[in-house]
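The values are calculated or read from the model by the stated rules, or taken from the named source; none is laboratory data. Predicted model, so just to flag it, every value in this text is computed and none were measured. Here the Cβ is made from the backbone with ideal geometry for all residues, glycine too, and neighbour counts use every protein chain on show. Accessible surface is based on the protein model in full, side chains and every heavy atom, while ligands, DNA and RNA are left aside. Shrake-Rupley method; radii C 1.70, N 1.55, O 1.52, S 1.80 Å.
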Amino acid sequence: QVQLVESGGGLVQPGGSLRLSCAASGFPFKSYAMSWYRQVPGKERELVAVITSAGGITNYADSVKGRFTISRDNTKNTVYLQMNSLKPEDTAVYYCNAGTYSGGGYYSTGSWGQGTQVTVSS
């Protein structure tokens with residue numbers, strides 16, 4: 001079955017950096033677009049970044065554009081999220097997700113990992 005295991009979260013000061021990783025298994029990783037979402041308590045899960053199956057196209061939420069970079073290694077079945085210039089409002093649980101990318105839109109498969117907590121605070 002689909003397994004997504006996120007790691008790399010933690011506590012960081014404003015302006016700092018973190019790199020999240022998501023190890024995927026149970027499906028043909030290189031055939032799927034991948035994404036990162038984040039969620040804070042009481043709010044809906046927010047799509048943060050998307051990367052197409054071969055990595056040729058990336059899209060970002062306006063709130064993270066220029067600060068976050070999504071990448072993938074299809075030889076390791078892993079997707080990454082490099083987060084720089086972190087702000088307190090980036091505090092959330094971050095989840096990776098597999099899906100499809102079509103017509104400029106991302107469509108989730110609905111499978112989720114356990115997430116990794118990112119806390120930005122001084």
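A compact table of results
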{"quantity": "Carbon + sulfur, % of accessible area of the chain - ligands and nucleic acids excluded, 1.4 Å", "calculated": "47"}
{"quantity": "Per residue value of the accessible surface for the range 71-118 (all protein chains in place, 1.4 Å probe), Å²", "calculated": "46"}
{"quantity": "Given 14 as the ceiling on other Cβ atoms within 10 Å, longest exposed-site-free region of the chain for trypsin sites (Lys or Arg not before Pro) in DSSP loops", "calculated": "77-122"}
{"quantity": "Spherically averaged projected area in nm², based on the convex hull that wraps the Cα atoms of the range 1-54", "calculated": "5.1"}
{"quantity": "Cα-derived Rg to Rh of the range 29-122, Kirkwood definition", "calculated": "0.95"}
{"quantity": "Relative contact order, percent, the chain [alpha-carbon distance under 8 Å, six or more residues apart]", "calculated": "35"}
{"quantity": "Lys, Arg +1 and Asp, Glu -1 on Cβ, resulting dipole of the chain about Cα centre, debye, nearest 20", "calculated": "180"}
{"quantity": "Given charges at Cβ of Lys, Arg, Asp, Glu: the range 61-116 dipole, positive-most of ASN74, GLY113, ALA61", "calculated": "ASN74"}
